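Peer 1: Got a structure for you, written out below as structure tokens; questions coming shortly.
The numbers here are math on the coordinates, done by the rules we state, and not lab data. A quick note: this is a predicted structure, and the numbers were derived from the prediction, not measured. Glycine gets a Cβ as well: all are built from the backbone with ideal geometry, and neighbour counts include every protein chain shown.
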Amino acid sequence: MATTALTPAAHGYRAGLYDWLTTTDHKKIGILYLVNSFIFFFLGGLLALGVRVELAQPGLQFVTDQTYNELFTMHATAMIFLFIIPILAGFGNYIVPLQIGAPDMAFPRINALSFWMLPLGGILLFMGFLTGGAAAAGWTSYSPLAQDRALSSTGYGQDLWIVAIVLIGTSSILGAINFLVTIFKMRAPGMTLFRMPIMVWTVTVTSVLVLMATPVITSALIMLFIDRNYGGSFFDPAVGGDSILYQNIFWFYSHPAVYIMVLPAMGMISEILPVFSRKPLFGYKAFVFATVGIGALGFSVWAHHMFTTGAVYLPFFSLMTFLIAVPTGVKMFNWIFTMWRGQLSLSTPLLFALGFLSMFLIGGINGAFSASVPVDFALHDTYWVVSHLHYVLFGGSVFGVMAGLYYWFPKMTGRMLNEGLGKVHFLLMFFGFNLTFFPMHQLGLAGMPRRIANYSSAAGWNDLNMAATIGGFLIAASMLPLLWNVFVSLRSGQPAGDDPWEGNTLEWATTSPPPPYNFDRLPEIRSERPVFDQRHGRIGH
Amino acid sequence: MTADPHAIATTEHSPVASLPHDARGGIGNPVLGMLLFITSEVMFFSGLFAAYFNARANFIDTDGVMRWPPQQFSHTLEILPLVGPATLILIVSSFTAQFAVWAIRRGDHTAFIRNMAVTVTLGIVFLVMQAIDYIELGHNGLTLTSGVFGTTYYTLTGFHGAHVFGGVIMLGVVLYRGMAGQFSAKHHDAVEAASLYWHFVDVVWILLFSLLYLVPGSGPA
């Protein structure tokens, strides 16, 4: 009798839908995050294709200047705020409670609230297209551009943009509080801080960054909103305001946000590389301190986005920016020596992790160029910067996300993804990515500015732009094998079993997918690899 | 509500057991969550304060002289009759909030509810006084649109007021739940969390009041 009372009979489709809409289970919320993020990834990708189609040839063929401004503004906004940041939070949601042996997040209902703010924010953001013009002042929305009603957007788009970003930011802040309380208060017995999986460490540092940085952009956006709508004068020099102030407050968030967008992806590949190299992570503690170091240094480099304003102290911000390369370099050694003399199995998660490693390395090197003030003066606001940021955020974070998807999909669904389709996906995406973004180095060096819809056919930029556009379509095509793979695997994929990869961490100690309460019993936790210890006993050490 | 909360309170009436903690020691999840939320709020106000400092340090008045406050508003912001007493009221309410916390830690429901009711009332009085002050200032020509002085003044005090409003609602819920008998010496994380938030709101106001009303202006009169 008690069991019938506890399990409301799931009457087909409607009961299932109601369950997903009202769930407070961290695993279901995690999957909702992933699905929602992928929807906005594809929308943002379509906008990017719009940009590439217009730039394929000199001249204005398809869109007006104003529409073009809307395209790149909304592309960047969707990718940053509705794809990368939330999808990493989604993986964190699913994986972190499992990896620390907890039954759920600390505040399950706040967790659901955090998620549902995202589709709401996304809808508000894209409503701009239906209300006379989306936001068009760039994802940075610098003042006075974003304040000028004629330039920023022809309709309500810019104000909707502000409201949406504040909403999404609030979702991030609540999520960060939830992660930190969960990690600090709900770890299983025996899981000391230095036995936490690296993924959990990176989510911890990311959550601190979100907690300290995101409210600052909220304040900047509220001031911008007051300026635009209530006659305020924060950022308008004509009435005693200061437009550089906006840039300072904006980048005080938006530079740490770069680490918010990459640290959890670093955590994901740090879970994958040891498993597929059959070795423990090389230099666990060094990796942890490097992660904390990146987080701390991340708050002292924001003005390297503002070198050319002439309003910031160049030597300090240049030095601090170069310093960031040190902990990042430590991590490169961690990853490379983890694989060194390991038994590498080149399955799809490892391929994407290697993609992360190599592409993020390029993004780190071309970033270090721009940290040098004289070089930055030459390259500022050129396609070099576009190339750099995509090597870090696409070559880094997106490859990491794909690695994590192929790695944890079996845990989430109980089905393996197809390896052959996975490899096709990887190859298409890898070549497409480099064909799109490598030529942008040369375009930047040749002086092509970002955020222009049109260029002279005599500038010598024609072939490289055409190559980038072809690459963009290759990236889009690489999503087809992924979608087909997910569709086929959900219907008839090979059953995964509890631990298909012979993993190290606690999520592999429960069923695939895990029950609502996660664990019947936990293995003893004596290292950061409890499942490895359980499988091999003391021989493994 | 089957168990009598008063019975729980009396059986666990010891100073150690009555501190807020979870099964493994340390502070409870809601209290830690509130401390982290307050951290994010500190950063939010930091952004607004940064804008204020920036405006104050760089303001050039209509006669081309660097001055703060602007000549036009040199005598607009006055401590008496409203703002000084309102400040005292908010400080006193922080004390009564803490008395309420200490009372529920002892399991003294009567003192808890009495102090919490006084706190909520003082919070509402502060908001009413702020509203009256806004109307007065508006009559004296200070509005959101009167340059960066007006914009920063109303944005900072306005967002503080919004936080007082949020705090009053939070404390109101705590008071309601307290009258429904939901708190005991052992179980009162919500009381601890709400009072921490209230202290934070109080501290922000003390900083704001000092900056806006006490720290002397600069530049030729």
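Peer 1: What whole number of Å gives the distance from the Cα centroid of segment B:160-198 to the Cα centroid of segment A:281-313?
Peer 2: Taking the Cα centre of each part, segment A:281-313 and segment B:160-198 sit 39 Å apart.
Peer 1: Which one, B:Pro70, B:Leu137, B:Gln98, is farthest towards the positive end of the dipole of segment B:27-214 when Lys and Arg carry +1 and Asp and Glu -1 on their Cβ?
Peer 2: B:Gln98
Peer 1: Let me ask you something else. Any idea how far the Cα center of segment A:263-280 sits from the one of segment A:58-83, in Å?
Peer 2: 35 Å
Peer 1: Take the cross-link list A:Lys27/A:Lys285; A:Lys27/A:Lys423; A:Lys285/A:Lys411; A:Lys279/A:Lys331; A:Lys28/A:Lys411 and give me the ones stretching past 20 Å between alpha-carbons. Spell out each step's value before the answer.
Peer 2: Details: A:Lys27/A:Lys285 29 Å; A:Lys27/A:Lys423 27 Å; A:Lys285/A:Lys411 27 Å; A:Lys279/A:Lys331 16 Å; A:Lys28/A:Lys411 13 Å.
From the list (A:Lys27/A:Lys285; A:Lys27/A:Lys423; A:Lys285/A:Lys411; A:Lys279/A:Lys331; A:Lys28/A:Lys411), the Cα-Cα distance tops 20 Å for A:Lys27/A:Lys285; A:Lys27/A:Lys423; A:Lys285/A:Lys411.
Peer 1: Quick one: if the Förster radius is 51 Å, what FRET efficiency do A:Val375 and B:Leu88 give, using the C-beta to C-beta distance and rounding to 0.05?
Peer 2: Numbers: r = 57 Å, r/R0 = 1.12.
Efficiency at R0 = 51 Å is approximately 0.35.
Peer 1: From the phi angles alone, apply the Karplus equation (6.51, -1.76, 1.60; θ = phi - 60°) to segment A:288-298 and give each ³J(HN,Hα) in whole Hz, x where the residue is Gly or Pro.
Peer 2: Listing the rounded values in order: 4, 5, 5, 5, 4, x, 4, x, 5, 5, x Hz.
Peer 1: If packing is taken as the mean number of other Cβ atoms within 10 Å per residue, what is the order of B:194-207, B:48-61, highest first? Show your work: numbers first, answer last.
Peer 2: Details: B:194-207: 20.9, B:48-61: 18.1.
Packing proxy ranking, top to bottom: B:194-207, B:48-61.
Peer 1: Working from Cα positions, state the angle (0 to 90°, nearest 10) between the long axis of helix A:12-22 and the longest principal axis of chain A.
Peer 2: In chain A, helix A:12-22 runs at an angle near 60 degrees to the longest axis.
Peer 1: Take A:Asp148, A:Asp520, A:Asp159 and order them by how many other Cβ atoms sit within 10 Å, fewest up front. Please list the in-between numbers first.
Peer 2: On the way: A:Asp148 13, A:Asp520 9, A:Asp159 20.
Ranking A:Asp148, A:Asp520, A:Asp159 by Cβ neighbours within 10 Å, fewest first, gives A:Asp520, A:Asp148, A:Asp159.
Peer 1: Please list, in order along segment A:119-132, the HN-Hα scalar couplings obtained from phi with the Karplus expression 6.51 cos²θ - 1.76 cosθ + 1.60 (θ = phi - 60°), rounded to whole Hz, x for Gly and Pro.
Peer 2: With coefficients 6.51, -1.76 and 1.60, one gets x, 4, x, x, 5, 4, 4, 6, 4, x, 5, 8, 10, x Hz.
Peer 1: Which three extents, in whole angstrom, do the alpha-carbon atoms of segment B:27-214 cover along their principal axes, largest first?
Peer 2: 63, 31, 22
Peer 1: So, one more: To the nearest 0.05, what FRET efficiency results for B:Asn58 and A:Leu120 with a Förster distance of 45 Å applied to their C-beta separation? Don't jump to the answer; show the numbers that get you there.
Peer 2: On the way: r = 38 Å, r/R0 = 0.85.
For R0 = 45 Å, the calculated efficiency reads 0.75.
Peer 1: Another question, if that's okay. Using a 10 Å cut-off on Cβ atoms, rank the peptides B:104-113, A:494-503 from the highest mean neighbour count down.
Peer 2: Values: B:104-113: 19.0, A:494-503: 16.3.
Averaged packing, sorted descending, gives the order B:104-113, A:494-503.
Peer 1: Now a separate question. Give the average, rounded to an integer, of partner chain Cβ atoms located within 10 angstrom of each Cβ in A:185-192.
Peer 2: On the way: counts 8, 3, 1, 0, 1, 0, 0, 0.
Mean partner shielding for this stretch: 2.
Peer 1: Which order do B:Val120, A:Val53 fall in if you start with the one that has the fewest other Cβ atoms within 10 Å? Spell out each step's value before the answer.
Peer 2: Numbers: B:Val120 25, A:Val53 16.
So the ranking, lowest neighbour count to highest, is A:Val53, B:Val120.
Peer 1: Could you line up A:Thr140, A:Thr204 from fewest to most neighbouring Cβ atoms inside 10 Å?
Peer 2: Lowest count first: A:Thr140, A:Thr204.
Peer 1: Can you give the average number of partner chain beta-carbon atoms within 10 Å of each beta-carbon in peptide A:240-247, as a whole number? Intermediate values should be presented prior to the final figure.
Peer 2: Working: counts 13, 8, 7, 0, 1, 7, 1, 0.
Other-chain Cβ atoms within 10 Å of each residue's Cβ, averaged: 5.
Peer 1: Between segment A:363-397 and segment B:92-138, what is the separation of their alpha carbon centroids in Å?
Peer 2: For segment A:363-397 versus segment B:92-138, the Cα centre distance is 53 Å.
Peer 1: Enter the angle in degrees (range 0 to 90, nearest 10) between the Cα long axis of helix B:29-58 and the first principal axis of the Cα atoms of chain B, meaning the one along which they spread out most.
Peer 2: For helix B:29-58, the angle is close to 10 degrees.
Peer 1: Label the protein assembly as shown by shape, choosing from rounded, prolate and oblate, from the square roots a ≥ b ≥ c of the eigenvalues of the Cα gyration tensor; if a/c is under 1.5 it is rounded, and otherwise prolate applies when a/b is larger than b/c, oblate when it is not.
Peer 2: Numbers: a/c = 1.89, a/b = 1.11, b/c = 1.71.
Since a/c reaches 1.5 but b/c is at least a/b, the shape of the protein assembly as shown is classed as oblate.
Peer 1: With +1 assigned to the C-beta of every Lys and Arg and -1 to the C-beta of every Asp and Glu, and no other charges, what is the dipole magnitude of segment B:27-214 about the Cα centre in debye, to the nearest 20?
Peer 2: 520 debye
Peer 1: Can you tell which of B:Ser195, A:Ala136, A:Phe352 lies farthest toward the positive end of the dipole of the protein assembly as shown, using +1 and -1 charges on the Cβ of basic and acidic side chains (Lys, Arg; Asp, Glu)?
Peer 2: So the residue furthest toward the plus end is A:Phe352.
Peer 1: Counting only other chains, and only Cβ atoms inside 10 Å, what mean value do you get across the residues of B:29-37? Provide the component values of the computation, followed by the final result.
Peer 2: On the way: counts 8, 3, 1, 6, 10, 2, 3, 12, 6.
Whole-number average of other-chain Cβ neighbours for B:29-37 is 6.
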